[in-house]
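Notes for the one structure printed next.
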C-alpha cells in the first residue's frame, strides 16, 4: 500500500495540475468574454452619447429654423408692397408738378386707381381678398348695420356696402358693413 499511497500523491498532484490547467483554460475564455462585453458596452455607450448629441443638435437647429421662419414670415409680403409704396410716392410727387388743376386731378385719380389695383393684387397674391358685394348676405362675413326698404332688392339682400370686408383664405379678417333690404 505504501507504493500505492506514493503513487496516489503523485497521481493526485498530476490530477490537481491538470484540473488547474483546465480551470485556467475555462477562466481565460470567461475573462476574454467579460473583456469583450466590457468593450461592447463602452462602444454602445459612446454610440448612445453620439446619437443623443446629434438629436440635441437637430432639435436646436429646428428650433432656430422655426424662429427664423416666424421672424421673417412677412418678408414676401413686405417685398411685394415696396412697388405700391413707390407708386404712392410717385402720386405725391406728381402733385408738385405745375399743370392745370383739372388735368392734374385726372392724372392723380388715375395714378391712385392704378396703385389701388396694384395694392389689391399684392394682397390677393398673399391670400387676402375682398368680400364680394354681389354675394348674398352671410352673417359670417357681413355685418348688417342698417335695414332699409327697397323695391329693387328682396328681403335680406345687400343694398349697399358702407365698408368693405376682407378675408385671408377662408378666415374673415373684417366683416363687410352692409345695408340690407327689409
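Values quoted throughout were computed directly from the atomic coordinates according to the rules given, and no laboratory measurement underlies them. Model, not experiment: these values are computed from the prediction. Note that each Cβ is placed from the backbone with ideal geometry, even for glycine, and that neighbours are counted across all protein chains shown.
Quick check on the range 46-60. Is at least one of its residues under 24 Å from residue 165 (Cα atoms) and either in contact with a helix residue (DSSP H, G or I) (Cβ under 7 Å, 6 or more places away or on another chain) or surrounded by 10 or more Cβ atoms within 10 Å (Cβ to Cβ) (or both)?
No; the residues of the range 46-60 include none that is under 24 Å from residue 165 (Cα atoms) and either in contact with a helix residue (DSSP H, G or I) (Cβ under 7 Å, 6 or more places away or on another chain) or surrounded by 10 or more Cβ atoms within 10 Å (Cβ to Cβ) (or both).
Considering only residues that are surrounded by 12 or more Cβ atoms within 10 Å (Cβ to Cβ) and under 17 Å from residue 124 (Cβ atoms), which ones fall in the range 77-102?
Once the filter is applied, which keeps residues that are surrounded by 12 or more Cβ atoms within 10 Å (Cβ to Cβ) and under 17 Å from residue 124 (Cβ atoms), the range 77-102 yields 77, 80, 81, 83, 84, 87.
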